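Engineer: One structure, as structure tokens, below. Some questions next.
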Amino acid sequence: MTSIAIIGAGPQLGLAIARTFGSQGFDVALVSRDPGNLDALVGTLTAEGISAAAFPADVLDRDALTQALKDAAARFGGIDVLEYSPVAGLTTTMVTPTEAEPTHVQHEIEFQLYGAIAATKAVLPAMREAGAGTLLYTTGAGSIDPVPQVGNVNAAAAALRNWVINLHKELDGTGVQAAHIGIDVSIGTPAVPGFPTAQPEEISPVYWELHTTGRDQAELVFSR
């Protein structure tokens with residue numbers, strides 16, 4: 001059996017990715033900080049014939065995140081694909097570069113970059129030993145083309161993007177793929193009037209593409 005762990009699993013993109021991989025026979029480990037939401041997602045996927053289980057953890061709690069991934073690996077016999085895309089939500093204060101204090105950026109670095117590093121360290125050793133695996137990390141396209149209104153969020157996302165592309169280079173030839181996905185649309189409904197949108201089901205196939213046919217790519221940008 002093969003499995004995917006989705007960090008920051010929610011009812012939009014996370015669920016769509018779970019369906020994309022689950023429809024290909026993958027077991028799905030769902031990780032986020034809200035057990036109630038996770039249980040609802042597991043119920044939805046189970047009803048669709050997809051094997052799924054919940055592993056509650058907050059990405060800001062490194063020990064809990066590591067344990068959740070260990071538990072998922074034990075449940076499903078390993079983790080073949082890791083997808084990292086948590087959303088900070090109400091814990092984020094969005095500021096411009098001139099408004100930003102170090103704490104504004106530090107919180108986002110903890111959430112985006114340090115959480116990704118912790119998750120990676122929990123699954124990468126087994127992938128390297130097996131000579132196979134996929135590591136996928138999602139940000140908004142502000143990691144590539146930043147927007148001043150969310151300067152602190154973009155700075156942390158850019159740091160994660162840089163780290164992932166470096167990881168891709170480091171893992172070249174090991175059989176383990178690492179890639180960054182930049183999403184240059186609003187998911188589901190427009191965040192800003194006139195800004196392009198896409199449904200989660202339109203975006204999730206790019207993750208399967210990177211896992212299967214796009215293993216030489218360090219980055220893929222989804223846009224309209």
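The values are calculated or read from the model by the stated rules, or taken from the named source; none is laboratory data. It should be emphasised that the depicted structure is a prediction, and the values quoted were computed from it without experimental measurement. Quick reminder, even Gly has a Cβ in these numbers, built from the backbone with ideal geometry, and neighbours come from all protein chains shown. Calculation scope for accessible area: heavy atoms of the full protein, side chains included, ligands and nucleic acids excluded. Shrake-Rupley method; radii C 1.70, N 1.55, O 1.52, S 1.80 Å.
Engineer: About its Cα centre, how strong a charge dipole does the stretch 1-63 have in debye, to the nearest 20, once Lys and Arg get +1 and Asp and Glu get -1 at the Cβ?
Structural biologist: 160
Engineer: Quick one: give the max-minus-min coordinate of the C-alpha atoms of the stretch 8-128 along each principal axis, largest first, in Å.
Structural biologist: Per principal axis, max minus min of the Cα coordinates gives 50, 30, 21 Å.
Engineer: If you scale each eigenvalue of the Cα gyration tensor by 5 and take the root, what three semi-axes come out for the stretch 76-139, rounded to whole angstrom and sorted largest first?
Structural biologist: Details: eigenvalues 194, 23, 15 Å².
Taking √(5λ) for each Cα gyration eigenvalue gives 31, 11, 9 Å.
Engineer: Note the full-extension length gain between residue 169 and residue 223 as 0.36 nm times their separation in residues minus their Cα-Cα distance, in nm to one decimal.
Structural biologist: 17.0 nm
Engineer: If you don't mind, there's one more thing I want to ask. Probe radius 1.4 Å, ligands and nucleic acids ignored: give me the carbon and sulfur share of the accessible area of the chain as a rounded percent.
Structural biologist: Values: 5520 of 10210 Å².
Summing carbon and sulfur atoms, their accessible area is 54 percent of the total for the chain.
Engineer: A follow-up question, please. Return the loop-located GluC sites (Glu not before Pro) in the stretch 65-166 (DSSP other than H, G, I, E, B) with at most 13 other Cβ atoms within 10 Å of their own Cβ; answer none if there are none.
Structural biologist: 99
Engineer: Then there is this: On a 0 to 90 degree scale, rounded to 10, what angle separates helix 62-76 from the longest Cα axis of the chain?
Structural biologist: Value to nearest ten degrees: 30.
Engineer: Starting from 0.36 nm per residue, how many nanometres of slack lie between residue 46 and residue 145 once their C-alpha separation is accounted for?
Structural biologist: Contour length minus Cα-Cα distance gives 31.8 nm.
Engineer: OK, next. At 1.4 Å probe radius, can you tell me the per residue accessible area of the chain in Å²?
Structural biologist: 46
Engineer: Assign one of three labels to the stretch 56-104, namely rounded, prolate or oblate, based on the Cα gyration tensor with a ≥ b ≥ c the square roots of its eigenvalues; rounded applies when a/c is under 1.5, prolate when it is not and a/b is larger than b/c, and oblate otherwise.
Structural biologist: It comes out prolate by the Cα gyration axes.
Engineer: Another question about this same structure. Once the other residues with Cβ under 14 Å from the Cβ of residue 31 are scored (Lys, Arg +1; Asp, Glu -1), what is the net sum?
Structural biologist: Net charge in that neighbourhood comes out at -4.
Engineer: Give the ranking of 127, 94 by solvent-accessible surface, highest area first, calculated with a 1.4 Å probe.
Structural biologist: Ranking 127, 94 by accessible area, largest first, yields 94, 127.
Engineer: Along each principal axis of its Cα atoms, how long is the stretch 32-76 end to end? Whole angstroms, biggest number first, please.
Structural biologist: 32, 21, 9
Engineer: What is the set of long-range amide H partners of residue 27 at a cut-off below 5 Å, with H atoms built 1.01 Å from backbone N?
Structural biologist: So residue 27 has HN proximity to 2, 3, 4.
Engineer: How big is the dipole moment of the chain about its Cα centre under a simple scheme where the beta carbon of each Lys and Arg is +1, that of each Asp and Glu is -1, and everything else is neutral? Debye, nearest 20, please.
Structural biologist: Here the size comes out at about 240 debye.
Engineer: Mind checking the alpha-carbon convex hull of the stretch 1-69 and giving the volume per residue in Å³?
Structural biologist: Convex hull of Cα atoms, per residue: 66 Å³.
Engineer: Another question about this same structure. Could you give the length gained by full extension between residue 34 and residue 67, i.e. 0.36 nm per residue of separation minus their alpha carbon distance, to one decimal place?
Structural biologist: Separation in residues times 0.36 nm, less the Cα-Cα distance, equals 10.3 nm.
Engineer: Be a star and scan the stretch 195-224 for residues whose amide nitrogen sits under 15 Å from the point 7 Å along the Cα-to-Cβ vector of residue 2.
Structural biologist: Counting only backbone N, you get 205-216.
Engineer: How would 92, 98 line up by accessible area, probe 1.4 Å, largest first?
Structural biologist: In descending accessible area the options line up as 98, 92.
Engineer: Per DSSP helix of 4 or more residues, -39500 (n - 2.57); summed, then divided by the residues of the chain. What does that give at 222 nm, rounded to the nearest 500? List each step's numbers first, then the result.
Structural biologist: On the way: 8 runs with 93 residues, N = 224.
For the chain, the value works out to -13000 deg cm²/dmol.
Engineer: On average over all directions, what projected area in square nanometres does the stretch 89-224 have, based on the convex hull of its Cα atoms? All intermediate terms of the calculation are to be shown ahead of the outcome.
Structural biologist: Numbers: hull surface 35.2 nm².
Averaging across all directions leaves 8.8 nm² for the Cα convex hull.
Engineer: So if we plug the beta-carbon distance of residue 96 and residue 117 into 1/(1 + (r/R0)^6) with R0 = 25 Å, what FRET efficiency do we get, rounded to 0.05?
Structural biologist: FRET efficiency, residue 96 to residue 117: 0.40.
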